[in-house]
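The values are calculated or read from the model by the stated rules, or taken from the named source; none is laboratory data. Please read these numbers as outputs of a predicted model, since none were measured by experiment. Because the Cβ atoms are built from the backbone with ideal geometry, glycine has one as well, and the counts that use them run over all protein chains shown.
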């Protein structure tokens, strides 16, 4: 009998390195896939539809909501972000480790609804100053979105203890190796 998959939501405040960590994990594990969330926001310069996100209209997203096709969703900065139930269920059935680069509330929703199949990880920044430096340096934020993201940081950090594992992301290789150990112990 095939082993069930693992849902691995990785959450953190914006700029803490979720996407970078997920990309490294995908490179290192052949049975690991990246969950592609849906969003109504416009793609950033380096993003591709179907690879980074499924970029959909507000109308399409609201249809997903009405039909109860999302395991979680949230409206952030006037845009929707969400995860299709079908993506999670297929991964579990196919024995895949599914990485979810997701916000804190979304990760906790998945943990609650798929508790026996989920290992939740919270990435902590090495410091608040470093987190803000990373956010500013990535160059994708407007002054307004930067202020909004910064305002959310204390609330997000306060929820870290609700996750199965909390890892300080101060060294990429060390962080990735810690997560690989967690996955291998569970798989």
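At a glance:
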{"read-out": "Members of the range 127-145 found to be within 21 Å of residue 26 (Cβ to Cβ) and part of a helix (DSSP H, G or I), listed by number", "value": "134"}
{"read-out": "Test result for residue 120, touching a helix residue (DSSP H, G or I) at 6+ places or on another chain (Cβ under 8 Å), more than 25 Å from residue 146 (Cβ to Cβ), buried (at least 19 other Cβ atoms within 10 Å of the Cβ) and modelled with pLDDT of 90 or more", "value": "yes"}
{"read-out": "Options 97, 76, 136; residue that is crowded, with 16+ Cβ neighbours inside 10 Å and either without any contact (Cβ under 8 Å) to a residue 60 or more places away in the chain or out of contact with any helix residue (DSSP H, G or I) (no Cβ under 7 Å at 6 or more places or on another chain) (or both)", "value": "76"}
{"read-out": "Test result for residue 59, touching a residue at least 12 places away in the same chain (Cβ under 8 Å) and either in contact with a strand residue (DSSP E or B) (Cβ under 7 Å, 6 or more places away or on another chain) or part of a helix (DSSP H, G or I) (or both)", "value": "no"}
{"read-out": "When residues of the range 107-126 are limited to those that are within 22 Å of residue 5 (Cα to Cα) and part of a loop (DSSP other than H, G, I, E, B), the one nearest to the chain's Cα centre (by Cα)", "value": "120"}
{"read-out": "Breaking point among (1) surrounded by 12 or more Cβ atoms within 10 Å (Cβ to Cβ); (2) within 28 Å of residue 46 (Cα to Cα); (3) out of contact with any strand residue (DSSP E or B) (no Cβ under 7 Å at 6 or more places or on another chain); (4) at pLDDT 90 or above, for residue 171", "value": "(1)"}
{"read-out": "Only listed residue being in contact with a strand residue (DSSP E or B) (Cβ under 6 Å, 6 or more places away or on another chain), in contact (Cβ under 8 Å) with a residue 24 or more places away in the chain, closer than 26 Å to residue 171 by Cα and surrounded by fewer than 20 Cβ atoms within 10 Å (Cβ to Cβ), chosen from 24, 33", "value": "33"}
{"read-out": "Qualifying residue in the range 146-160 (condition: modelled with pLDDT of 90 or more, closer than 19 Å to residue 7 by Cβ, part of a helix (DSSP H, G or I) and touching a helix residue (DSSP H, G or I) at 6+ places or on another chain (Cβ under 6 Å))", "value": "no"}
{"read-out": "Answer residue from the range 1-20, given it is under 13 Å from the mean Cα position of the chain (by Cα) and more than 17 Å from residue 118 (Cβ to Cβ) and is surrounded by the fewest Cβ atoms within 10 Å (Cβ to Cβ) among those", "value": "19"}
{"read-out": "Qualifying positions in the range 67-94 - farther than 24 Å from residue 152 by Cα and either part of a helix (DSSP H, G or I) or under 17 Å from the mean Cα position of the chain (by Cα) (or both)", "value": "84, 85, 86, 87, 88, 89, 90, 91, 92, 93"}
{"read-out": "Residue, modelled with the highest pLDDT, within the range 44-66, restricted to residues that are under 19 Å from the mean Cα position of the chain (by Cα) and loosely packed, with under 13 Cβ neighbours inside 10 Å", "value": "49"}
